[in-house]
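All remarks here apply to the structure that follows.
The values are calculated or read from the model by the stated rules, or taken from the named source; none is laboratory data. Everything quoted here is computed from the prediction, not taken from an experiment. As a convention, Cβ positions derive from the backbone with ideal geometry for all residues, glycine included, and neighbour counts pool all protein chains shown.
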Amino acid sequence: MDEKDIQKLFVSVLDDPGQDNAAVRNVFSTLVSTTLKYRDDLLASRGVVVTVEDVRTCLAWLVPAIATGNVPETKNKISLDLLRIWLDALGKKAK
């Protein structure tokens, strides 16, 4: 997955164009940069590819995880690790 695919994916979650403000762009910038770093590190260290589906899954978990402070119980290690990275980067604590 390249940078353009990831950016398109994140932009697609903005259903309301009125949400496009500096705070939203800052959050998306953080999500994009941490995702790219995770993708590159995972590929270099283990030869594992992060897929669009991994990121979509993580996106679905993000708001509930922020709201509750809990991460889902799952065997999807890639999406779960990415979610924890996002939460750390956004300054949220996960249980």
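Data overview
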read-out: Qualifying positions in the range 46-95 - within 12 Å of the chain's Cα centre (by Cα) and of a type in the set (Lys, Arg); value: Arg56, Arg84
read-out: First in the range 41-65 and in contact (Cβ under 8 Å) with a residue 40 or more places away in the chain and charged (D, E, K, R), second anywhere and surrounded by fewer than 19 Cβ atoms within 10 Å (Cβ to Cβ) and in a helix (DSSP H, G or I), Cβ under 8 Å, 6 or more apart; value: Arg56/Leu9
read-out: Residue within the range 33-46 that is loosely packed, with under 12 Cβ neighbours inside 10 Å and modelled with pLDDT under 90 present; value: no
read-out: Residue that is nearest to Ile66 (Cα to Cα) [pool: residues in the range 21-54 that are outside any helix (DSSP H, G or I) and polar (S, T, N, Q)]; value: Asn21
read-out: Residue within the range 2-12 that is at pLDDT 95 or above and crowded, with 17+ Cβ neighbours inside 10 Å present; value: no
read-out: Count of residues meeting criterion [part of a loop (DSSP other than H, G, I, E, B) and among the aliphatic types (A, V, I, L, M)] in the range 55-73; value: 1
read-out: The range 74-95, subset touching a helix residue (DSSP H, G or I) at 6+ places or on another chain (Cβ under 9 Å) and outside any helix (DSSP H, G or I), residue nearest to Val27 (Cα to Cα); value: Leu90
